[in-house]
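I have placed the structure first, in the form of structure tokens, so that the comments after it can refer back to it.
The values are calculated or read from the model by the stated rules, or taken from the named source; none is laboratory data. Just so it is clear, the structure is predicted and the values come from calculations on it, not from any experiment. Positions of Cβ are backbone-derived with ideal geometry, glycine not excepted, and every protein chain shown enters the neighbour counts.
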Amino acid sequence: MTKQVDVAILGGGTGGYIAAIAAAQAGHQVVVVERDRLGGTCLHRGCIPSKALLRSAEVYAQARESERFGIHMEGITYNFERVQSRKQEIVDQLHRGVQYLMKKHHIEVIYGNGRVMGPSIFSPQSGSVAVELEEGESVTIVPKYLIIATGSRPRILPGLEPDGNAVATSDEALEWSSLPQSVAIVGGGVIGVEWASLLVDFGVDVTVIEAGPRLLPTEDKEVSKEMERLLKKRGVRIHTNTTVGHDGVLKADDCVQLLLNKKDEPISLTVERVLVSVGRQANVEHIGLENTNVRIENGFIKVNEWMQTQEPHIYAIGDCIGGLQLAHAASAEGLAAVKHFSGEFQSPLSEHTIPKCIYSRPEAASIGMTEEQAREAGLDVVTGKIPFKAIGKAIVQGETDGFVKVVINSLTQDLVGVHIVGPHATELIGEASLAQLLDASPWELGQVIHAHPSLSEIMSEAMLAAENKSLVM
């Protein structure tokens, strides 16, 4: 069977289904090919389930700390089976929502393994998609435009392959039926830090092993330093400049022994389980790209600023193109692709306008350049920094750790970057994101009237601090 459509999307994750809705709204006939479940990694194995677990861990931690608010609670425990079932209820509810959106916008979803084809009798150009259906049948989709949105999967380290028991990636850890007594987390990036925060709040003995000189290597150095300080304060052991020896993994029935290399000094570490979080790799294999002129560079699909590949009618978005591997980045890239082939005017998408968020306790968030990146780019910058302990609402809430730091081009007065570590950082970064979109100056942001008391007051105060005009410091 052959289907002629305007747009075919290979992959129904966040980027794929958002692109599908946008294309349908633009008047295109759209087909989504999905081999698993709509929503992809974000909904089923990433953003949503991990944040549900983090929320349960946060509530448990707050209950244990209630005495300082004058609330006495006894016998506080958690039921991890219920924690997991709540997580699944959230995922299922959102999954039903995505399915509803496909029906609402008359988007056909075909479940099966899709493979991109070269020129054929169906089409003089590559980009048709052959879909192997579960029943053993197949269908060929011939689109005018193809969007590849096949996502990514956890990167695996030799010797630390997930085994369903002692060694896991975040995929397997999300399905744990019970928590271990001790965990070594290999990788101190965003995923590693979130899992360290989650597990230590549930009372697990946590050790983080990071090969680089600091946690969160892509964040501002001061944010990394503060996050490391606060995690250590909560009991997380952190080894930076440390790797797991190539042959340094010994599995027993009830534990894993790791031989760590730290500045040429071997360290032996025994834990119940190991969680590997060393980044993600693109799903670009076995999807037929060899039948096209689409180029792969460093394991990712190469695209231009409009998300086009070397074949102008084939676009790629999301984790499979690298860059910021974030659900909202994939959505923005999907919208950019649809607008481009629909002939709508738009400015090229810039990574500096996409916020990054870390949902640990405390949270962290950023947008734009770090101070170090700005200086390396040759910019003359000034910074403003305000701690949460200077903000009344933070004191009321009992969450005074962290700060907001802004980076400003002193010559143009442009806002270069905003970096937050502290309570509700992932919500506060929205103000900075809007400022980047509107090209607002730090002076303008400093004049914004915020409610008092509110955490958002810290945003204008940080802008004023860059001119030594803060009203709270």
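Examine segment 97-119 for a residue that is under 24 Å from V294 (Cα atoms) and free of Cβ contacts under 8 Å to residues at least 12 places away in the same chain, and state whether such a residue exists. Checked segment 97-119: at least one residue is under 24 Å from V294 (Cα atoms) and free of Cβ contacts under 8 Å to residues at least 12 places away in the same chain. Check segment 345-366 and report whether any residue there is over 30 Å from L10 (Cβ atoms), in contact (Cβ under 8 Å) with a residue 60 or more places away in the chain and touching a His at 6+ places or on another chain (Cβ under 7 Å). The answer is yes; a qualifying residue exists. From the list S177, S126, the lone residue that is hydroxyl-bearing (S, T, Y), in a loop (DSSP other than H, G, I, E, B), more than 22 Å from T207 (Cβ to Cβ) and outside the structural domain of S50 (by TED's automatic domain parsing) is S177. Checked against (1) buried (at least 21 other Cβ atoms within 10 Å of the Cβ); (2) over 21 Å from I148 (Cβ atoms); (3) touching a strand residue (DSSP E or B) at 6+ places or on another chain (Cβ under 6 Å), I314 meets all criteria but (2). Applying a threshold of 9 Å to beta carbon distances and a minimum spacing of six or more residues, or different chains, the list of pairs starting in segment 232-252 at a residue that is assigned by TED's automatic domain parsing to the domain that holds D264 and ending at one that is modelled with pLDDT under 95 and of a type in the set (K, R) reads H239/K262; T240/K262; N241/K262; N241/K263; T242/K262; T242/K263; T243/K262. Take T383 and tell me if it is part of a loop (DSSP other than H, G, I, E, B) and either at pLDDT below 95 or out of contact with any Phe, Trp or Tyr (no Cβ under 6 Å at 6 or more places or on another chain) (or both). So T383 does not fit the description; no. Within segment 190-241, restricting attention to residues that are assigned to a helix (DSSP H, G or I) and among the small types (G, A, S), the residue that is surrounded by the most Cβ atoms within 10 Å (Cβ to Cβ) is A196. Answer yes if at least one residue in segment 393-403 is over 22 Å from E228 (Cβ atoms) and touching a strand residue (DSSP E or B) at 6+ places or on another chain (Cβ under 7 Å), and no otherwise. No, the conditions are met nowhere in segment 393-403.
Taking residues in segment 23-35 that are within 8 Å of V7 (Cβ to Cβ) and assigned by TED's automatic domain parsing to the domain that holds I107, and partners anywhere that are assigned to a helix (DSSP H, G or I) and of a type outside the set (G, A, S), the pairs with Cβ atoms closer than 7 Å and at least 6 places apart or on different chains are A23/V338. Just one of the listed residues (V59, V5) is over 14 Å from G334 (Cα atoms), of a type in the set (A, V, I, L, M, F, W, C), free of Cβ contacts under 8 Å to residues at least 40 places away in the same chain and surrounded by fewer than 24 Cβ atoms within 10 Å (Cβ to Cβ), and it is V59. Here is a check on your reading of the model: is D380 surrounded by fewer than 22 Cβ atoms within 10 Å (Cβ to Cβ), acidic (D, E) and on the phi > 0 side of the Ramachandran plot? So D380 does not fit the description; no.
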